[in-house]
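Report on the following structure.
Laboratory data are not the source of any read-out in this text; all were calculated from the coordinates shown. As the structure is a prediction and not an experimental result, all values here were calculated from the model. For neighbour counting, all protein chains shown are included, and Cβ atoms are generated from backbone atoms with ideal geometry for every residue, glycine included.
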Amino acid sequence: MSNSCISSKLLEQAFAKHKKRSLTLKQLCSALPVSERKRLGLEKNSEVKEIESLLKGIASPYAVIRKGNQAYIIGSPIEELVETLIKSKPGKTVGQLAQALPVKKSEAISIANQLLEAKRLGAVISPRELVKLYPALPDQPVSSQQKDTPGEEPAAISGDPVAAFKSAYDDLIKGKRHVYIYAIRRKLGWTRHEFDELLDTLLTKGRVAGFPGDPSRLSSDQVKDSFQGRDGDLYIAVAWRR
């Protein structure tokens, strides 16, 4: 076998090929160009220990980690892998994290707690008492338009409801990344049924992205004027999809 090692350039090419930042060592080997495998003295079905021996000199952020009998190469710190996964597939439980990433459940719990404490993730307890993880909503102050105001008589929807919703959203967004649902609800002044029905349709059709977030930052009235999704999660903010 050659004394060469697998370079960071080859690692990045393998990650790009699989479109993810963690691979089994077997996946890494099969992703290498034939010419590089030959140079390194590898076959497509080489033993894991042979592949691992060519990764001895790798430096951060790369690392070889083990989960059970399987060995993995990761291209980012494991905390970043967790955060990236939750951003792309929000609502996962800690158990689902452990299934999707090369970490044990106990490690996934520890990492999730660290990210929650650092406010890099948010969490919601579902009706079945499962803790679901979500991207953390960036802190943004409650604007003068979003403060609690005395309730008024609900108004009936007139004209195009989607256009009216978008108009209210545009008035409130003002350079922020999301708008609190209670603020849109109060600005429109529709009946609860009409507002919830339209928002459910917009979420289902992918017109808006919903964020469960952390309800502790809202008052009880603001939580009440948020939105309970079909999945039982409490959504507190939305962002219009382009």
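Worth pointing out:
- Extension gain (nm, one decimal) between Thr84 and Ala63, 0.36 nm per residue minus Cα-Cα: 5.8 nm
- Annotation: amide H of Ala63 within the under-5 Å range of Ile74, sequence separation 5 or more or interchain, hydrogens built in the peptide plane.
- For the chain, the relative contact order comes to 14 percent (Cα pairs under 8 Å, sequence separation of at least 6).
- Backbone N atoms of segment 200-230 closer than 15 Å to the 7 Å Cα→Cβ label point of Leu130 belong to residues 230.
- Looking at the chain alone, DSSP beta bridges between its own residues are antiparallel in about 95 percent of cases.
- Listed residue pairs exceeding 21 Å between alpha carbons, taken from Lys89/Lys205; Lys9/Lys38; Lys19/Lys119; Lys67/Lys87; Lys26/Lys56: Lys19/Lys119; Lys67/Lys87
- With 10 Å bins beginning at zero, the pair-distance distribution over Cα atoms of the chain amounts to 7, 26, 24, 17, 14, 9, 3, 0 %.
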